[in-house]
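See structure below.
The values are calculated or read from the model by the stated rules, or taken from the named source; none is laboratory data. The shown structure was predicted, so the numbers you read here are calculated from the model rather than taken from an experiment. When we count neighbours, we look across all protein chains shown, and the Cβ atoms used for this are built from the backbone with ideal geometry, even at glycine.
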Amino acid sequence: MARRKILDAFSGAGGAAKGYRDAGFDVVGVDIAPQPNFPYEFHRGDAIEFIRAHGHEFDAIHASPPCLDASALTAGNRKRAGWHDTHADLIPATRAALADVRARTNIPTVIENVQGSALRRDLVLCGLTFGLKVFRHRYFEIEGALVLTEPHRAHRGHRVAGWRHGIRYEGNMVAVYGDGGGKGTVTEWQDAMGIHHTDVRAEIAQAIPPAYTHHIGDALLAQLDTLIAA
Ligand SMILES: C[S@@+](CC[C@H](N)C(=O)[O-])C[C@H]1O[C@@H](n2cnc3c(N)ncnc32)[C@H](O)[C@@H]1O
């Protein structure tokens with residue numbers, strides 16, 4: 001049987017894409033910036049326009065739009081999460097474009113964003129759940145499919161290593177954000193996130209661990225036959 005195809009909108013260098021590929025999807029990425037390290041088929045352009053023009057050609061769509069006006073996000077958190085202040089909040093426009101595609105095709109869609117963003121929390125994932133050395137909480141708003149939540153493991157006993165307010169803390173968790181000064185080597189970042197197809201710190205810092213989308217991708221693939229026939 002032909003492999004299922006997912007669109008990864010706002011793909012970055014492909015942290016999310018790698019997880020969907022690991023689950024068994026063919027992945028096509030779209031991003032406004034060139035992404036030479038994106039490992040699969042890639043289109044440079046505006047993600048919302050691409051969703052509107054081509055979304056119906058896919059079996060599922062994932063989107064990681066920039067979002068900056070979430071009140072719970074302090075400037076520091078935004079910076080750590082990899083967002084930059086020049087980005088507009090594209091969550092509402094992304095939702096609208098995905099809803100238009102769903103109205104035509106019935107395919108499942110997933111929007112991902114940082115903790116504190118204005119997404120519905122159908123699923124909240126943490127790196128500890130997957131044995132990773134990053135906490136990296138992410139929200140997922142999922143339409144058209146059921147993805148079971150994973151039990152959240154307490155952070156107690158785990159601490160992020162690095163400098164905070166002039167003090168060096170030891171810890172078993174890795175700080176994958178910012179410029180990496182004193183926070184760990186690139187190899188430590190790659191291992192902590194489970195991303196080895198890029199060694200560019202900024203790309204790893206913006207990504208989500210592939211384990212998250214592998215988990216979601218497994219659930220989507222298990223339900224796709226029923227969903228698309230409906
Ligand atoms: C946080 S990154 C996504 C990271 C990705 N989910 C991963 O796991 O590697 C957000 C991306 O949105 C892209 N972006 C911002 N505005 C965009 C737009 N209008 N169309 C397409 N991409 C856009 C940025 O270039 C950036 O790569």
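Quick rundown of the values:
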quantity	calculated
Candidate set: the stretch 41-69, residues that are within 12 Å of the ligand (Cβ to nearest atom) and in a loop (DSSP other than H, G, I, E, B); chosen: the one surrounded by the fewest Cβ atoms within 10 Å (Cβ to Cβ)	Gly45
Single residue of the stretch 189-213 satisfying the filter (away from the ligand (no atom under 12 Å from the Cβ) and in contact (Cβ under 8 Å) with a residue 24 or more places away in the chain) that is farthest from Gln115 (Cα to Cα)	Asp191
Unique match (being modelled with pLDDT under 85, surrounded by fewer than 16 Cβ atoms within 10 Å (Cβ to Cβ), in contact with a Leu (Cβ under 7 Å, 6 or more places away or on another chain) and within 30 Å of Leu7 (Cα to Cα)) among Thr226, Thr149	Thr149
In the stretch 112-137, the residues that are part of a strand (DSSP E or B), surrounded by 23 or more Cβ atoms within 10 Å (Cβ to Cβ) and out of contact with any Ser or Thr (no Cβ under 6 Å at 6 or more places or on another chain)	Asn113, Val114, Leu125
Enumeration of residues in the stretch 1-20 that are more than 15 Å from Ala207 (Cα to Cα) and either within 8 Å of the ligand (Cβ to nearest atom) or modelled with pLDDT of 95 or more (or both)	Arg4, Lys5, Ile6, Leu7
Residue check for Ala161: free of Cβ contacts under 8 Å to residues at least 12 places away in the same chain and either touching a Leu at 6+ places or on another chain (Cβ under 9 Å) or crowded, with 17+ Cβ neighbours inside 10 Å (or both)	no
Restricting the stretch 201-211 to residues that are in contact with a Gly (Cβ under 6 Å, 6 or more places away or on another chain), in a helix (DSSP H, G or I) and not basic (Lys, Arg), the residue that is surrounded by the most Cβ atoms within 10 Å (Cβ to Cβ)	Pro210
Enumeration of residues in the stretch 96-109 that are touching a strand residue (DSSP E or B) at 6+ places or on another chain (Cβ under 7 Å) and either more than 13 Å from Leu227 (Cβ to Cβ) or surrounded by fewer than 14 Cβ atoms within 10 Å (Cβ to Cβ) (or both)	Leu98, Val101
Looking only at the stretch 21-40, and only at residues there that are acidic (Asp, Glu) and under 16 Å from Pro210 (Cβ atoms), the one that is farthest from the ligand (Cβ to nearest atom)	Asp26
